[in-house]
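Quick notes on the structure that follows.
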Amino acid sequence: MNETFPPLEGVPGGRGRKMMIAEKDNHLLYNKNLQPFANENRKQMTKAEACLWKYVLRAKQMGYTFNRQRPVLNYIADFMCKELKLIIEVDGYTHLLDDVIKKDMIRQQRLENAGFKVIRFKDEEVLKEINSVSKVILLTIEELKKQ
């Protein structure tokens with residue numbers, strides 16, 4: 001499937017180019033220019049992100065490999081499983097602000113247009129209801145495996 005994406009800042013030929021969205025072409029979605037920012041984010045994970053990583057996503061606990069702070073398109077996904085094309089976002093209190101909500105909606109739409117499934121959790125959910133969060137992720141994985 002061919003899809004035209006928004007400009008990828010700092011990527012040669014990134015303005016309006018067409019990208020092939022197929023399993024073997026996932027590397028095209030990787031934005032290496034964001035790698036230094038992703039590395040920094042990995043070192044400064046929030047408490048909720050660290051909790052989700054440690055107790056749910058690390059070391060194939062869900063049966064799949066998840067990467068932390070993965071550059072994709074013009075964004076850095078909190079967690080991403082390339083094989084399932086699944087992105088998990090953990091939202092802190094700033095994501096309750098109107099302008100951030102708007103940006104999150106645009107971001108999610110662009111990621112979904114690129115073929116990703118995006119699920120979001122609030123910090124509170126991860127910190128207080130980790131078992132429920134884990135179940136939602138497992139259900140999402142089962143749903144994606146059927147596709």
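Here are a few things to note about the model shown:
- Residue check for Glu112: part of a helix (DSSP H, G or I) and touching a strand residue (DSSP E or B) at 6+ places or on another chain (Cβ under 9 Å): yes
- Long-range neighbours under 6 Å by Cβ, at least six apart or interchain, first residue buried (at least 17 other Cβ atoms within 10 Å of the Cβ) within segment 44-57, second at pLDDT below 95 and assigned to a helix (DSSP H, G or I): none
- Subset of segment 1-47 that is more than 22 Å from Lys85 (Cα to Cα) and in a helix (DSSP H, G or I) - its residue that is modelled with the highest pLDDT: Lys47
- Residue in segment 85-107 that is surrounded by fewer than 20 Cβ atoms within 10 Å (Cβ to Cβ), in contact with a Phe, Trp or Tyr (Cβ under 8 Å, 6 or more places away or on another chain) and in contact (Cβ under 8 Å) with a residue 60 or more places away in the chain present: no
- Top-ranked residue in segment 91-147 [being farther than 20 Å from Leu57 by Cβ and β-branched (Val, Ile, Thr); ranked as modelled with the highest pLDDT]: Ile106
- Of all the criteria given as (1) in contact with a strand residue (DSSP E or B) (Cβ under 7 Å, 6 or more places away or on another chain); (2) in contact (Cβ under 8 Å) with a residue 40 or more places away in the chain, the one not satisfied by Leu73 is (1).
- Checked against (1) free of Cβ contacts under 8 Å to residues at least 12 places away in the same chain; (2) not polar (S, T, N, Q); (3) not in a helix (DSSP H, G or I), Val118 meets all criteria but (1).
- Every condition in (1) under 13 Å from Leu57 (Cβ atoms); (2) within 17 Å of the chain's Cα centre (by Cα) holds for Ile76 except the one numbered (1).
- Residue check, Lys82 touching a strand residue (DSSP E or B) at 6+ places or on another chain (Cβ under 9 Å), of a type in the set (Lys, Arg) and in contact (Cβ under 8 Å) with a residue 40 or more places away in the chain: yes
- Condition check for Gly92: more than 9 Å from the chain's Cα centre (by Cα), over 20 Å from Lys47 (Cβ atoms) and small (Gly, Ala, Ser): no
- Output for segment 65-82, where each listed residue is within 18 Å of Ala50 (Cα to Cα) and part of a loop (DSSP other than H, G, I, E, B): Thr65, Phe66
- From Val100, Val72, residue being β-branched (Val, Ile, Thr) and over 18 Å from Phe37 (Cα atoms): Val100
The values are calculated or read from the model by the stated rules, or taken from the named source; none is laboratory data. As the structure is a computational prediction, the values presented were derived from the model and not from experiment. Using ideal geometry, Cβ is built from the backbone for each residue, glycine included, and neighbour counts are taken over all protein chains shown.
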